[in-house]
1. So which residues in the range 85-96 are of a type outside the set (S, T, N, Q) and surrounded by 14 or more Cβ atoms within 10 Å (Cβ to Cβ)?
2. Restricting attention to the range 109-120, which residues are at pLDDT below 85 and open to solvent by less than 80 Å² (accessible area, probe 1.4 Å)?
3. What number goes with the only condition from (1) farther than 24 Å from ALA98 by Cβ; (2) open to solvent by 30 Å² or more (accessible area, probe 1.4 Å) that LEU174 does not pass?
4. Based on what the data block shows, is PRO185 at pLDDT 85 or above, more than 24 Å from THR82 (Cα to Cα) and not hydroxyl-bearing (Ser, Thr, Tyr)?
5. Out of the residues in the range 74-95 meeting the condition of being in a strand (DSSP E or B) and under 20 Å from ARG181 (Cβ atoms), tell me which one is farthest from the chain's Cα centre (by Cα).
6. Limited to the range 97-112, what total is found for residues that are out of contact with any Leu (no Cβ under 7 Å at 6 or more places or on another chain) and either of a type in the set (D, E, K, R) or within 19 Å of GLN125 (Cα to Cα) (or both)?
7. Does GLY79 satisfy the criteria of being at pLDDT below 70 and not polar (S, T, N, Q)?
8. With farther than 29 Å from GLU90 by Cβ and polar (S, T, N, Q) as the only criterion, which of THR159, THR121 stands out?
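The values are calculated or read from the model by the stated rules, or taken from the named source; none is laboratory data. On a predicted model such as this, the values are computed, not experimentally measured, just so you know. No Cβ is skipped: glycine too gets one built from the backbone with ideal geometry, and neighbour counts run over all protein chains shown. Side chains included, ligands, DNA and RNA excluded: accessible areas come from the protein's heavy atoms. Shrake-Rupley method; radii C 1.70, N 1.55, O 1.52, S 1.80 Å.
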Amino acid sequence: PTGRTEFEQAFFFSVQTLGSIGYGAMYHVSTYVNLIVTGESLAGLLFVALSTGLAFARFSRSSARIRFSELITVHSYKGQPTLSFRLANERQNNLLDARLKVFLALEERTEEGHVMRRLHTLNLQRDQSVAFLLTWTAMHVIDGTSPLHNLTSPDLMATHAEILVAFSGVDETLERPVHARYSYPADHIHFGECFVDMMEGSGDQRLIDWSNFNQTRPCR
């Protein structure tokens, strides 16, 4: 036979070995070839197992697909200054046991003159939800116990303030945890503004206008 024919026969012999589908005109007749076939079979099983595991890990991984508002607003709500921002679930299914954690990062100078960046917890009016399907407006009341108490926009800019948001939940379909995070620099914190209402219509005909998700307006 020609060299090409020998290569084709050897190639398809290897395919039959890896696939465990039996042999055609070629078969092993010596101990040396049997050892090669044994090693190739083991390598084939390991390759298939590793490929399956990698593919499953890649395509079964849940993505949070959480959309955060571009701005944070600070305005009066029920007589108290309140910080608020929006987030939306862009998936088609619920996220169970949804939780939010919000922190204020500030540059602070110690008595010894050391400059350190510290995180302060911002407690939310509601930091968890049984199921998160559409939208969520997170709100933090700026009272006497809040790290934002008496801080103005220039104060936040001077300390390079940043608000960090961490979201976690469980995908209802895959039953796997999902996570998302977002950060708002000081120039994305707007005082005296509030979000435009996203709901339109009345009664059972109310719809969500997603074009207003990031829209704000002057607020008392």
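1. Looking only at the range 85-96, we keep the residues that are of a type outside the set (S, T, N, Q), and these are 85-88, 90-91, 95-96.
Selection gives PHE85, ARG86, LEU87, ALA88, ARG91, LEU95, LEU96.
2. THR110, GLY113
3. Exception for LEU174: condition (1).
4. On the way: at pLDDT 85 or above: yes; more than 24 Å from THR82 (Cα to Cα): no; not hydroxyl-bearing (Ser, Thr, Tyr): yes.
When the stated conditions are applied, PRO185 does not pass them.
5. Taking the range 74-95 first, the residues in a strand (DSSP E or B) are 74-77, 80-89, 95.
Narrowing further to those that are under 20 Å from ARG181 (Cβ atoms): 83-89, 95.
On the way: LEU83: 23, SER84: 20, PHE85: 17, ARG86: 16, LEU87: 12, ALA88: 12, ASN89: 11, LEU95: 12 Å.
Across the range 74-95, the extreme among qualifying residues is LEU83.
6. Within the range 97-112, the subset out of contact with any Leu (no Cβ under 7 Å at 6 or more places or on another chain) is 97-99, 101, 106-112.
Then keep just the ones that are either of a type in the set (D, E, K, R) or within 19 Å of GLN125 (Cα to Cα) (or both); that gives 97-99, 101, 107-109, 111-112.
Count: 9.
7. In short, no.
8. Numbers: THR121 fails: farther than 29 Å from GLU90 by Cβ.
Criteria check complete, one pass: THR159.
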